[in-house]
């Protein structure tokens, strides 16, 4: 109790100090802490007056803050908005002009001139700027048309003096753009060399290897199905989309309508506002880079998405490479995303196996005090956070989002390869030390983006630790100092921090040397809660549930993908006995030596209900079977046995060495499949490889339902009654001896079953591949098969049996071949 009272007094003193200095937000935070601590001392009525005083002061401060914010929300003057639109068009025209896109440049110069002439303003300075812009635009447009021969150099110099709208300056390392079009040229007149074909690569630097670059008809159907998500259409992002039109006569409004609001947004919602109605000078990015400290989550339940934004922003700042800002359009000629006064934006998200095009307007939900009811930047007027969230929420069906995980969110935002690493200290397979070493090495090299999430926590644990149950945190830093393993995390809420070891409240573990090494002062950090904190790795393993890692595709040189569907009626509901009908692929490694092939399975999700109640558990099984089809799940045993999870993404890693197999078999597996599954299988390799679907050589099929009944239940060949088993005749009608034959026997699961096939008559008695008898092998529960190659044409007999005589029941005999066949009971 004494400690609680001391903490309450300290919080109250800080609240009063901030209050007297006019720092109302900070004062609110500490008044609230003081109230919570004093409430715990409920047995002492002497604190009731203080509780009432602090509560009243909180109400007053909240009113003052609202008034300040309301006064600060000054919309952009109309004449400034018109001038900004005109400048935007001129910059777009200049980019097209420099790129040699004559028709596009003429159209944009003309639009800029018409807009400038139609603008009405009494401001002489603005009017002079508009007049100058109109003159330059008209002269350059006429020069390009060849109407008059104005000196091009003078005009180009004038154009070059136009202020651009960029807000960043470091180089763009986004995937290479094959089209020669500027990124923000309008779609009215696309360049002739624009390539509109789909591409199997996921990043520009990765070479597409090991298969056709053209999509099959089935793949096109799969991609079309995956385009229709939550009643909207999100088509594949192609190079021609870089010529999207971003300027209109009126502010752009999304044809798909307004997003559905979340329940927590609705009570305070008063309307939708454009940035120019909220800020005097809106920008896409303020400063030279995006800042993860500025990201603030509000009432939308997308903590994993906001954490994903934070780690992506930190990557850009730390490594100086575009990542999260590379997916926002329009851009200027430096490929920097820019504010569009016409209100239209395009975002490229990796959804359902490929990058897709998401179009949004800039209408944002606000409360009665013009406060944003979506995630936003603490830098006033900065838009990238709110617009990226809106694009993602549109794909997900609206702000009424059920929540996700950062593997899904980061893959959508960046295309980086998702991996889930569950924290299970009590399980033998969990290598705690190895996981930390991977985080420490790879995070600092820029190889991976990391978030970590809590699972369910008791109210007591949540209260004493300061952690939020089932909540995602961004991992900003990982350190090992004097043997102590530490991580720096950020709560997307931008408040509420860890209260245990190495928190700002911890007076035991912080040494002077540690503070200097980390450049961290707990006392200064305790002044205001921004949601950023240090925590030891042991506490992570105690209170957190899972790490989400997204790996840089730049670790690899080659990639290939296949888009497929697995129809509901094909194969058994469970993969307990037979996986022969499962989708299967051969993976052939082209070069011997050390390296890696990573296999990413992505299930396509098109409805928010499926996302909310995902019941499809899928995985990838890897077999060392020379790239041939697998029928028995555990014979041969999987080289890598995948874990069936109900996440859209599953990653499997194959390590390669000098003694590694040259061919593997990949099997898509599931648990209780009930619906048709649409999916993408993508491979990333450090060396060339070939990935292809294992073909089915069987064009003809016959199926017969049989019965072991009474005397015909003769048992296996060890028993004299074996001759009483049903006998079937199969005739292969072919002129060749190189036929393929597959025989499948299905029976009751409680019986061990098998069959023999005997040669009766051959069309070519000298066939070198002829055989007298072959068997399905060891008797098995309910399912056996025999697959034969180079089978001579002729007549054969098949004898299905149970292992033990007298076991009665039905069975199914299925024969498939590459040539015409006849099957009948003798």
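Have a look at 89, 83, 130 and point out the one that is closer than 30 Å to residue 323 by Cβ, modelled with pLDDT of 50 or more, touching a helix residue (DSSP H, G or I) at 6+ places or on another chain (Cβ under 8 Å) and outside the structural domain of residue 237 (by TED's automatic domain parsing). The conditions single out 89. In the set (1) part of a loop (DSSP other than H, G, I, E, B); (2) not assigned by TED's automatic domain parsing to the domain that holds residue 346, the condition left unmet by residue 255 is number (2). Does residue 563 satisfy being crowded, with 20+ Cβ neighbours inside 10 Å and either within 24 Å of the chain's Cα centre (by Cα) or not assigned by TED's automatic domain parsing to the domain that holds residue 634 (or both)? In short, yes. Across region 737-786, the number of residues qualifying as surrounded by fewer than 17 Cβ atoms within 10 Å (Cβ to Cβ) and either touching a residue at least 40 places away in the same chain (Cβ under 8 Å) or in contact with a helix residue (DSSP H, G or I) (Cβ under 7 Å, 6 or more places away or on another chain) (or both) comes to 5.
Evaluating residue 718 against the criteria (1) surrounded by 13 or more Cβ atoms within 10 Å (Cβ to Cβ); (2) not assigned by TED's automatic domain parsing to the domain that holds residue 603 leaves one unmet condition, (1).
Quick check on region 693-714. Is at least one of its residues closer than 26 Å to residue 580 by Cα, within 25 Å of the chain's Cα centre (by Cα) and in contact (Cβ under 8 Å) with a residue 12 or more places away in the chain? Yes, that holds for at least one residue. When region 626-637 is filtered for residues that are surrounded by 19 or more Cβ atoms within 10 Å (Cβ to Cβ) and within 15 Å of residue 664 (Cβ to Cβ), the ones remaining, listed by number, are 627, 629, 630. In region 623-735, counting only strands (runs of 3 or more DSSP E) that sit wholly within it, the ones holding 2 or more residues that are over 30 Å from residue 823 (Cβ atoms) span 649-656, 663-671, 677-685, 689-693. On the stretch given as region 292-316, residues that are in a loop (DSSP other than H, G, I, E, B) and either within 23 Å of residue 355 (Cβ to Cβ) or modelled with pLDDT of 90 or more (or both) total 1.
Taking the conditions (1) out of contact with any strand residue (DSSP E or B) (no Cβ under 7 Å at 6 or more places or on another chain); (2) surrounded by 15 or more Cβ atoms within 10 Å (Cβ to Cβ); (3) within 29 Å of residue 231 (Cβ to Cβ) in turn, residue 293 satisfies each one other than (3).
Every residue, every condition in (1) in a helix (DSSP H, G or I); (2) at pLDDT 75 or above, yes or no:
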position: 11; (1), (2): yes, yes
position: 27; (1), (2): yes, yes
position: 32; (1), (2): yes, yes
position: 51; (1), (2): yes, yes
position: 66; (1), (2): yes, no
position: 74; (1), (2): no, no
position: 97; (1), (2): yes, yes
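For residue 525, the test of being without any contact (Cβ under 8 Å) to a residue 24 or more places away in the chain and not assigned by TED's automatic domain parsing to the domain that holds residue 295 is passed. Evaluate region 508-526: report whether one residue or more is at pLDDT 90 or above and within 30 Å of residue 599 (Cα to Cα). Taking every residue of region 508-526 in turn, none turns out to be at pLDDT 90 or above and within 30 Å of residue 599 (Cα to Cα). When residue 414 is tested against (1) touching a residue at least 40 places away in the same chain (Cβ under 8 Å); (2) over 18 Å from the mean Cα position of the chain (by Cα); (3) more than 12 Å from residue 546 (Cα to Cα), exactly one condition is not met: (2).
Against the numbered list (1) surrounded by 11 or more Cβ atoms within 10 Å (Cβ to Cβ); (2) at pLDDT 75 or above, residue 20 comes up short only at (1). Taken across region 570-583, residues that are crowded, with 19+ Cβ neighbours inside 10 Å, closer than 20 Å to residue 646 by Cα, in contact (Cβ under 8 Å) with a residue 12 or more places away in the chain and out of contact with any strand residue (DSSP E or B) (no Cβ under 7 Å at 6 or more places or on another chain) do occur, with at least one present. Being free of Cβ contacts under 8 Å to residues at least 24 places away in the same chain, farther than 22 Å from residue 417 by Cα and either surrounded by fewer than 19 Cβ atoms within 10 Å (Cβ to Cβ) or within 32 Å of the chain's Cα centre (by Cα) (or both) is not true of residue 592. Picking from residues in region 521-537 that are outside any loop (DSSP other than H, G, I, E, B) and touching a helix residue (DSSP H, G or I) at 6+ places or on another chain (Cβ under 9 Å), the one that is surrounded by the fewest Cβ atoms within 10 Å (Cβ to Cβ) is 522. Filter region 145-171 down to residues that are in a helix (DSSP H, G or I), crowded, with 18+ Cβ neighbours inside 10 Å and either under 43 Å from the mean Cα position of the chain (by Cα) or modelled with pLDDT of 75 or more (or both), then give me how many there are. Residues in region 145-171 being in a helix (DSSP H, G or I), crowded, with 18+ Cβ neighbours inside 10 Å and either under 43 Å from the mean Cα position of the chain (by Cα) or modelled with pLDDT of 75 or more (or both): 1 in total.
The values are calculated or read from the model by the stated rules, or taken from the named source; none is laboratory data. Keep in mind that this is a model prediction, so the values were computed, not measured. In this analysis, Cβ positions are derived from the backbone assuming ideal geometry, glycine residues included, and neighbour counts consider all displayed protein chains.
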